[in-house]
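Please treat every number below as a calculation from the coordinates, not as lab data. The model shown is predicted, which means the values in this text are computed figures rather than measured ones. Cβ: placed from backbone, ideal geometry, glycine included. Neighbour counts: every protein chain shown.
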Amino acid sequence: MTNKEGPVALVTGASRGIGRAVAARLAEEGAFVFINYFSNDDQAKATLEAIRAAGGKGECARFDITDTESSAEAVKAIVKAHGRIDILVNNAGIREDRLFALMKPEVWTKVVDTNLSGFYNVTRPVVRAMVKKKYGRIVSIASASGLTGNAGQVNYSASKAGLIGATKALAREMGKANITVNAVAPGFIQTDMLDGLDIEQLESTIPAGRLGTPEEVAHAVGFLCSDQASYITGQVIGVNGGMI
């Protein structure tokens, strides 16, 4: 975060959960944060209000990360207004669990389009802008499921594993341009992504004996976006209470 005016950050899926915590952390560190969301105006505004109440700066950025053209136009508008994007956090993601034998094509496509194709749609135009400035921090929120697999989550695990592979490959392409590319792989975190799951059973599988918090994930993301992490790239940092 070397710019004296503070970095410009874009966080996808930042209206709640991990995305909200990441946006708040980056704003606390002095970034002007663009809060991407698609459908929940009230929650996005709540994220922005919380950032401003804490003395930070930001703006809501509504666009659909599964739409290539809309994503490119949104990135273009940010760069035009601020001259650059220094930090990108690819956080937006969904899960729709089914046993693989019963998984309909639309369920597979919906999850992969959001979790993996969304990375392409947003990161590609951002990278092009970062290369011009010879600086950038890209962090994607993967998952422990992308490292180990999880029954009932073949679509989700595949999308997150793909995200990890994309992170490692892009890091090799961007190294000489002073752009780091990393991933954070959370375990079970206290967000609405766990709705419908047996929390007590989940906690019994975690060595730490509890769920993680969005803020604990945000701390790891914040570090990877800092100048202190300038020699860390192509890595996956687990925030999972010792699960793997």
> In nm, to one decimal, how far is the Glu5 label point from the Thr68 one, both placed 7 Å along Cα→Cβ?
Replying inline: 3.2
> With each label point set 7 Å from Cα along the Cα-Cβ vector, what nm distance links Thr213 and Ala151?
Replying inline: 3.3
> So what's the back-of-envelope 222 nm ellipticity for the chain, counting only DSSP H runs of four-plus at -39500 (n - 2.57) apiece and dividing by all residues, rounded to 500?
Replying inline: -13500 deg cm²/dmol
> Going by how many other Cβ atoms sit within 10 Å of their own, how do Leu197, Leu170, Leu88 line up, fewest first?
Replying inline: Leu197, Leu170, Leu88
> By count of other Cβ within 10 Å, fewest leading, how are Ile232, Ile87 ordered?
Replying inline: Ile232, Ile87
> Taking the Cβ of Ala27 as the center, what net charge do the other residues with Cβ under 10 Å away carry, scoring Lys and Arg +1 and Asp and Glu -1?
Replying inline: +1
> Which entries in the list Lys110/Lys168; Lys110/Lys132; Lys110/Lys134; Lys76/Lys176; Lys134/Lys160; Lys57/Lys168 go over 26 Å, if you measure between the two C-alpha atoms of each?
Replying inline: Lys110/Lys132; Lys110/Lys134; Lys134/Lys160; Lys57/Lys168
> If R0 is 45 Å, what FRET efficiency do you get for Ala101 and Tyr231 from their C-beta distance, rounded to 0.05?
Replying inline: 0.50
> How do Tyr231, Tyr156 rank when sorted from fewest to most other Cβ atoms within 10 Å of their own Cβ?
Replying inline: Tyr231, Tyr156
>> Loop only by DSSP, 11 or fewer other Cβ within 10 Å of the Cβ. Give me the GluC sites (Glu not before Pro) in region 1-40 that pass, ordered by residue number.
In response: Glu5
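Counting only C-alpha contacts under 8 Å and six or more residues apart, can you give the relative contact order of the chain as a whole percent?
19
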